[in-house]
1. Taking a ≥ b ≥ c as the square roots of the eigenvalues of the Cα gyration tensor of the stretch 15-119, is the shape rounded (a/c under 1.5), prolate (a/b larger than b/c) or oblate?
2. Pop out the carbon and sulfur fraction of the accessible area of the stretch 173-213 as a percent, whole number, probe 1.4 Å.
3. Taking H placed 1.01 Å from N in the peptide plane, check which residues at least 5 places from ASN72 or on another chain put their amide H under 5 Å from its amide H.
4. Provide the solvent-accessible area of LYS189, counting protein heavy atoms only and rolling a 1.4 Å probe, rounded to the nearest 10 Å².
5. What list of ³J(HN,Hα) couplings, whole Hz, do you get for the stretch 82-90 from phi and the Karplus terms 6.51, -1.76, 1.60, once you set θ to phi - 60° and write x for glycine and proline?
6. Pop out the ³J(HN,Hα) list for the stretch 36-47 in order, Karplus 6.51 cos²θ - 1.76 cosθ + 1.60 with θ = phi - 60°, rounded to Hz; leave Gly and Pro as x.
7. Going by average Cβ neighbours within 10 Å, how do the peptides 33-41, 198-206 rank, with the highest at the top?
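The values are calculated or read from the model by the stated rules, or taken from the named source; none is laboratory data. Only a predicted model underlies this, so the values are computations on that prediction, with no experimental measurement involved. So basically every Cβ, Gly included, is an ideal-geometry build from the backbone, and we count neighbours across all protein chains shown. Just so you know, the surface numbers come from the protein's heavy atoms only, side chains and all, with ligands and any DNA or RNA stripped out. Shrake-Rupley method; radii C 1.70, N 1.55, O 1.52, S 1.80 Å.
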Amino acid sequence: MKFKSMKKNLLLLLIMLPLIASAKFYKAKIIFNDGNSKNGFIELPEYPDDSKIKFRSEEKGKTEKYDINEVNSFEITNDKNQILNYITLKLAEQGTFNLKKIKPGDKKVWARIVKEGKISIYATYYAYNPGTKTGGGGTFYIKRENEDFALYLDDFNGDELSICMNCFSNLKKTLKAYFEEICPVFLEKLNKEEYNKKGVIYFIELYEQNCGK
């Protein structure tokens, strides 16, 4: 019986070893809602809606966990020595029959800042590590000024390129409902070729040039 138990524990350890080895803590700075901050190391959340984030003051030190509702934002330095910035925010979806009806969720998620301006684009990830930007994919969200939630925009693959069918026509429907009352000229100037060249950053550039001046 003891031998079987040892064999079972060894098998369990062998199964877990790849998971233990894959855990990576990046050099980071975490900022809390009260304005205080800590420098140290962070393991990126496995899923956007993970309730806690793992933090260490030293790379091999003791792991602390902070609730997503305590954290305002954090930044990491990835393996390419790039600084990536993340925030916590609520997400929203448009109504099925009325796209102008925006329904924000109650829970926050971890989202990477793609670009911020008068409007902002954020990304959440699934099935891959955004610290190294390999494999998997995720979702883009867009946020208007002075709102505390971001609206679903589009899905993307591991290279942050769109993968949806009839993508631009669907995006136009989303953006029309979201912006036509505050900046109709934005919609008039939307250009599919420019979007295909620049990706979602194009929306921010177009809005900056034509709206809210």
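1. Prolate, since a/c reaches 1.5 and a/b exceeds b/c.
2. 45
3. The list, which skips near neighbours in sequence, is ILE31, PHE32, ASN33.
4. About 100 Å², ignoring ligands and nucleic acids.
5. These are the phi-based 3J(HN,Hα) values: 9, 8, 10, 10, 10, 10, 9, 7, 8 Hz.
6. Result, rounded to whole Hz: 6, 9, 9, 9, x, 9, 10, 8, 4, x, 5, 10.
7. Ranking the peptides 33-41, 198-206 by packing returns 198-206, 33-41.
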